[in-house]
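The values are calculated or read from the model by the stated rules, or taken from the named source; none is laboratory data. Keep in mind it's a predicted model, so treat the numbers as computed, not measured. Every residue, glycine as well, gets a Cβ built from its backbone with ideal geometry; the counts of neighbours run over all protein chains shown.
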Amino acid sequence: MESFESPDGRFNTDTSIMLAQSSHPEEATDSRVFVSVGVKATREEELEIFDAMIEAKLNVGGEPPELRFFNMNNKGHFDSHNPEYYIELVRILRERFPNLEDHIQAFRFETHKPQTVNEVKIRAIQSALLVSDLSAESDAIIMDSGNESTAVHVYRALSGLNQEFAMTNCVQLDSYYPTALLATLLSHRLAKIEYEIDQRDGSEVETIRLDITLRGTRNHDQWSNARKGFYDKIPYSPTTIRNTCGEFPRDRFVAWSEGGVCPETPSEYSAVAADKRDQVIENVTDEYPNIADALGTVNVGY
């Protein structure tokens, strides 16, 4: 697993913070819950998290759809079909990472007037607060999903925190990084759980929460700073790291291993040599055979 490095070598880090946000329901109704999740990991810890995601699926079993890594449009493909997966996944993560809050943080925002809510602002401020809590004593690269036009809002909220940070963006980030997929799926599941609990109205039907701490944004001591930054019209200045866009899943897991991102959707993709894919699988076979098996069966489609 290669580090995240700029082409000129001036920036180099082994740690990333992946950001994701979901809402439930996705369309405006009488009530809506927004949840943002940040996942922080070194490159070696990424393998542990990836392996935990596979182990949880193997333990729980169940019918397809399968948990598909490096595929586009992952957002709800597994969540609604097997909620038990998330309970098992968090259990395994807590076994492997006793101080899980050092690696995963989550914020919620609930509204009963969704038509009046600025979703872009909520996402940007929540993302900034996640970074504030996860980046202590770390030179992590912050990764946001999307192109520059969406990442700029998170960047501006981060600028209000008065701390140095390095940030970049990647189109369909969770199709390149399993830790980003974890952030996406957790945010989706947590938002759904919180909405169901809010709408229960005395029902005795139990909704099982995940063992992930959810906090409100306005209680955070950096909330006002992030909000101020959001309204400051500073230009987006991403940190440049390896630019590697993969057209197919097998290309994207090579980009993942190389610490690359795809900042904008290219007009055409460069082919990735088969021997590169084979080398990635070989590198993880001994220590993480489940990952090697998962990479070996990654489909050719999108």
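A search for C-beta distances below 8 Å between a residue of segment 262-283 that is among the β-branched types (Val, Ile, Thr) and any residue that is part of a loop (DSSP other than H, G, I, E, B), counting only pairs 6+ apart in sequence or on different chains, returns THR265/ASN147; THR265/VAL171; THR265/CYS245; VAL272/GLY246.
So ARG227 fits all but one of (1) in a helix (DSSP H, G or I); (2) among the basic types (Lys, Arg); (3) modelled with pLDDT under 90; what number is the exception? Failing condition for ARG227: (3).
When segment 91-136 is filtered for residues that are touching a residue at least 24 places away in the same chain (Cβ under 8 Å), part of a loop (DSSP other than H, G, I, E, B) and of a type outside the set (Ser, Thr, Tyr), the ones remaining, listed by number, are PHE97, HIS103, HIS112, VAL117. Scan segment 185-224 for residues that are hydroxyl-bearing (Ser, Thr, Tyr), over 17 Å from LEU129 (Cα atoms) and at pLDDT 85 or above and the total you get is 0. Just one of the listed residues (LYS40, LYS57) is among the basic types (Lys, Arg), modelled with pLDDT of 90 or more and surrounded by 15 or more Cβ atoms within 10 Å (Cβ to Cβ), namely LYS40.
Of ILE241, ILE212, all but one fail to be in contact with a helix residue (DSSP H, G or I) (Cβ under 8 Å, 6 or more places away or on another chain), crowded, with 20+ Cβ neighbours inside 10 Å and in a loop (DSSP other than H, G, I, E, B); the exception is ILE212. Does at least one position in segment 119-127 carry a residue that is modelled with pLDDT under 90, surrounded by fewer than 24 Cβ atoms within 10 Å (Cβ to Cβ) and in contact with a Lys or Arg (Cβ under 6 Å, 6 or more places away or on another chain)? Taking every residue of segment 119-127 in turn, none turns out to be modelled with pLDDT under 90, surrounded by fewer than 24 Cβ atoms within 10 Å (Cβ to Cβ) and in contact with a Lys or Arg (Cβ under 6 Å, 6 or more places away or on another chain).
From the list HIS153, HIS112, exactly one residue is surrounded by fewer than 23 Cβ atoms within 10 Å (Cβ to Cβ), more than 16 Å from the chain's Cα centre (by Cα), closer than 19 Å to THR239 by Cβ and not hydroxyl-bearing (Ser, Thr, Tyr). Which is it?
Going through HIS153, HIS112 in turn, the sole match is HIS153.
Just to be sure before I move on: is ASN147 touching a residue at least 24 places away in the same chain (Cβ under 8 Å), under 23 Å from THR42 (Cβ atoms) and not hydrophobic (A, V, I, L, M, F, W, C) in the structure I sent? The answer is no for ASN147.
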